[in-house]
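Everything on this sheet refers to the single structure shown next.
The numbers here are math on the coordinates, done by the rules we state, and not lab data. Not measured: the values here are computed from a predicted model. So basically every Cβ, Gly included, is an ideal-geometry build from the backbone, and we count neighbours across all protein chains shown.
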């Protein structure tokens, strides 16, 4: 056996602690699988409190950047989080010092992935991030290695377990968003400040990385269109069921003739699509390869165990000597992505309106849609309550997003429309 | 860039031809992704007929073993098939000559995997077989690398697309096995002699490899219990729906306290299990890791494109220098598997009987079950037709397989039981 592989861990939260334990509990198995002994030589955390693992062989650092600079580890695990500040510095310093880096930090890579990948390649070290996308599911490996013979035109997924839990629970219990969010917070599935999750930012971070590794383009987080799930009502979910759909927050990256379309928003997905049955906190990623066809990876997208599993999978690769370009091709060869202009985005739409129940309302709305060349696919008004407020649901045939936006603007201004309309995109995948 | 990687291909059927084209069409992309040029230097096939690809730079061999012996390739692709004979010789000779081997041959590895893995490791070459299990789905990579931080106690899957197509089609159309098999043959989804597929042998080959890579044990194909789908009737499928199940041919490998249980047979699976919605020719593999939890891989399990995708993924690994132990740990370290004795197998059962509709029948059957300590969970007799033959469906609580076998034997001998009973295992996963 060669020299033991020396590991430093920056950040001892749930994932950091889970990773330490996974490594300590499996030293023999890992050595057998990789042909190399491993040892955690240094750790750093915000406080030096007693931990429930044996730290006696590790050097403790108060300052993670200090550790990155001065410890003697071959591999740095950055498990601090955040797109700027200490996490970024730890990664940069570690790379400069010739250490391999493993990170679970999607925010950091979404904002600085291309430049960090270039630095890592110049230093001849790995910048590995399996844990940053879809937690324990080995999807970066799947795309970059297992399906390396393919070109992709589409990759999409359920990338945020919190949102998927909330949407699943809303459907199962008929309750509204706020109530279910509260329960998710109680259960520990949602943060006290849930905005990163429920507003779609976390999913967008992950999508930008999937997009890069699938299409061989630089990470382009700023081009991701982002919309969260706060506007989804219990009624939307009932309507979706009736129309044959499930509502899912999807991240979708598509290569079109006009450029790359990256978007995170609630989607109505046909119930018989495999992704429609991915429920609860589970994540899933689906990709379309030109040779392999459609392939789906499904599993746990978050949590200490699954994330540590992915972090240690990267460690196993490094111990085995598998050091690959961060995004599948050398960072310098990544293409500059051209974002598809919003005017070129096409799709069908679901509209839920709250209207006054009187003759002429449907004519007014239909005329607005007609003027934008939008064909109605279905129109459902279940309740009848003359003179009062009733829900009206419209689905459209495929149209361009900008035409839909203009129509919605005009529809909102009609006297008979009593509340802000809700629009959900119907996606065919 | 280093020296070009030289490839020889033995076998130019659908997969071989698809692989040649995939490589020829993607030389630049593959070079970019691996940092290495590639070139197909030799091919061998049963006949030297004109091929629809450019063979001018390749040496043609009539005899694949001769090619394995004498060509100057670094990598041999064995795409001939069959557990003995030429395929085996090509692999053995190639390994002895120090060539890496990529094979799609599950039969060969199911029967000789351990010994070939040892030979490959002694020669310091790869024996790669992503295409042998679940076609294009990168599940060997997923288990051996992406989830390498985990121990597994369960791996199962839909491993034969022909059977899954037939079962899906039977459910959708209400037709019987023979009729749908005929259609599958017309469509090219089933062979003229379909026995390897429909009798479960092909799935068992694949399961024995999954089992080995999941549990770190020697390949033990002989220990796989195998039962195919010929006895599934249209009525069973209707009954399954009514009871809340789908019928799937699953390969299941489980580590129990009594040893490893490997089995391929039709299963009733709860409809809300993700694997229950894997339909048509698709394959899927599910594994339970102790850290990651349940992870599912789903996609195309057969066909030229998907299989070539997996073959070339192995090629990409070799070009990148990723040479791993065939079954995840060094072949010499693979444990000798102990098969779980059949007396220890537990589960619930579905029984479909054709009985005479008269008083006392249910009492007779119930007494037999009582004597074997088997509790009835449900009993359904929809039709009433006094004195005539009617179907009777019974499901049981969990019991041991041998008790069920004895009961079935006795039930078959009752005068009131007019046809051979059909038993399907209800699995909880």
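The Cα-based radius of gyration of segment A:227-343, divided by its Kirkwood radius, gives an Rg/Rh of 1.03. Placing pseudo-labels 7 Å out from each Cα toward the beta carbon at residue B:230 and residue A:379 gives an inter-label distance of 5.9 nm. Against chain B, whose longest principal axis is taken from its Cα atoms, helix B:161-173 shows a tilt of about 40°. For segment B:139-301, pairs of C-alpha atoms spaced more than 26 angstrom apart make up 26 percent of the total. Residues B:183, B:257, A:401, A:419, arranged from fewest to most other Cβ atoms within 10 angstrom of their Cβ, appear as B:257, A:419, B:183, A:401. Contact order, relative form, for segment A:5-132: 23 percent (alpha carbon pairs under 8 Å, 6 or more residues apart, mean separation divided by residue count).
When both segment A:299-361 and segment A:372-429 are represented by their alpha-carbon centers, they are found 28 Å apart. Just so you know, the averaged projected area of the alpha carbon convex hull for segment B:1-97 sits at 6.2 nm².
Per residue, the average separation of C-alpha pairs within less than 8 Å and at least 6 apart gives segment A:91-148 a relative contact order of 36 percent. Its residue count N fixes a reference of 2.2 N^0.38 Å for segment A:129-215, and the Cα radius of gyration divided by that reference is 1.27. Going from the residue with the fewest nearby Cβ atoms within 10 Å to the one with the most, B:261, A:415 rank A:415, B:261.
Between residue B:57 and residue B:195, the FRET efficiency estimated from the beta carbon spacing at R0 = 41 angstrom works out to 0.55. Using only the C-alpha atoms, the convex hull of chain B corresponds to 143 Å³ per residue. Round to the nearest 0.05 the FRET efficiency obtained for residue B:388 and residue B:270 when R0 = 41 Å and r is the Cβ-Cβ distance. E between residue B:388 and residue B:270, to the nearest 0.05, is 0.80.
When a footprinting reagent is the concern and you count Cβ atoms within 10 Å, what order do B:258, B:291, B:205, A:112 take, fewest first? List each step's numbers first, then the result.
Details: B:258 13, B:291 26, B:205 29, A:112 20.
Fewest to most other Cβ atoms nearby, the residues stand as B:258, A:112, B:291, B:205.
Starting from a Cα-only point model with no solvent, please compute log10 I(q)/I(0) by Debye for segment B:185-260 at q = 0.13 1/Å. Listed by q, the Debye log ratios stand at -0.54.
Estimated from helices alone, the mean residue ellipticity of chain A at 222 nm is -10500 deg cm²/dmol (sum of -39500 (n - 2.57) over DSSP H runs with n ≥ 4, per residue). Inter-chain Cβ neighbour count for B:277-288, averaged per residue, equals 2 (cutoff 10 Å, partner chain atoms only).
Each Cα pair under 8 Å and six or more residues apart adds its separation to the average, and for segment A:345-427 the resulting relative contact order is 49 percent. Of the peptides B:184-192, A:158-166, B:217-225, the order by per-residue mean of other Cβ atoms within 10 Å, starting with the highest, comes out as A:158-166, B:217-225, B:184-192. Legend: mean number of C-beta atoms from other chains within 10 angstrom of residue C-beta atoms, peptide B:127-137, equals 2. Per-residue mean of foreign Cβ neighbours for B:310-317 is 5 (Cβ atoms of other chains, 10 Å radius).
Our compactness index for segment A:345-427, the C-alpha radius of gyration over the empirical 2.2 N^0.38 Å, is 1.01.
Once the mean of 1/r is taken over each pair of separate Cα atoms and inverted, the protein assembly as shown shows a Kirkwood hydrodynamic radius of 29.0 Å.
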